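The structure appears right after this line, and notes come after that.
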Amino acid sequence: KILSIPHPNARRQIRRSRTSWVEHFVDEDGAWYLKTYRYDGLRAALRGAFRNTFAAPSRARREARALELLAAAGVQADLEAEFLESRRFGFLREALLLTRDFGGSDLAEKLQEKPEDAGLELEGWRALGRFVQALHDAGLRDPDLKARNLLLRRGEDGAWRFAKIDASSSRIVARNRRDAARERDLRVLVSDLETLGTSTDALAALRAGLEH
């Protein structure tokens, strides 16, 4: 699929940073996101050496691996992640990540639309807690576990569905492992939610889901 990406004119850019950008497009197979990481020049490549550009997996590879893990474990829908890397003398020049559009909104957007509880109600927050526990039990650790990287939508049965995205800084450990990284991820998430004005009742429901 990644080898048949449509022309740039058929893609809409939705986010950009110094070395990466995200585009959205729709084709006969549905809606997709394309994330591009590009490192022009030796200085840019050296900046990420031993982390993501040289002697280390690219951010695209890390995220694809994380999404495949969560899909295989039944934690979230299969986003059909594919990645492609271009290297020269071992240095990463460009990496592409293609993922299916999950739909819905990210949690940070929902909290802006509906302050305090994002319209999830308490059961939705408990379900989110169970989702976060499940992704940790599957072996994913991500220091960027924040509201903007958690997608949510209602299924046809009315239940909330979640997906973790932007897992380019993630790593994978043994299943059901209890470690400091797991606790760190949770602190990051709770702190982010508090900053976004999430109510104490919603946070208590989240914690209840984590402990189920």
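The values are calculated or read from the model by the stated rules, or taken from the named source; none is laboratory data. Because the structure is a prediction, the values reported are computed rather than measured. As a convention, Cβ positions derive from the backbone with ideal geometry for all residues, glycine included, and neighbour counts pool all protein chains shown. All accessible areas refer to the heavy atoms of the entire protein, side chains included, with ligands and DNA or RNA removed. Shrake-Rupley method; radii C 1.70, N 1.55, O 1.52, S 1.80 Å.
Assorted remarks:
- At least 1 residues being acidic (Asp, Glu) and either in contact with a strand residue (DSSP E or B) (Cβ under 6 Å, 6 or more places away or on another chain) or surrounded by 13 or more Cβ atoms within 10 Å (Cβ to Cβ) (or both) is the threshold, and among the strands (runs of 3 or more DSSP E) wholly inside segment 1-90 those reaching it are 20-27, 82-88.
- Across segment 75-102, the number of residues qualifying as touching a residue at least 60 places away in the same chain (Cβ under 8 Å) and on the phi > 0 side of the Ramachandran plot comes to 1.
- Verdict on residue 83 being over 30 Å from residue 42 (Cα atoms) and either of a type in the set (Phe, Trp, Tyr) or touching an Asp or Glu at 6+ places or on another chain (Cβ under 8 Å) (or both): no
- Entry remark, segment 91-103: residues being small (Gly, Ala, Ser) and surrounded by fewer than 17 Cβ atoms within 10 Å (Cβ to Cβ) number 1 in total.
- Remark: residue 172 falls outside the filter, which requires a residue to be under 29 Å from residue 78 (Cβ atoms), of a type outside the set (Phe, Trp, Tyr) and open to solvent by less than 50 Å² (accessible area, probe 1.4 Å).
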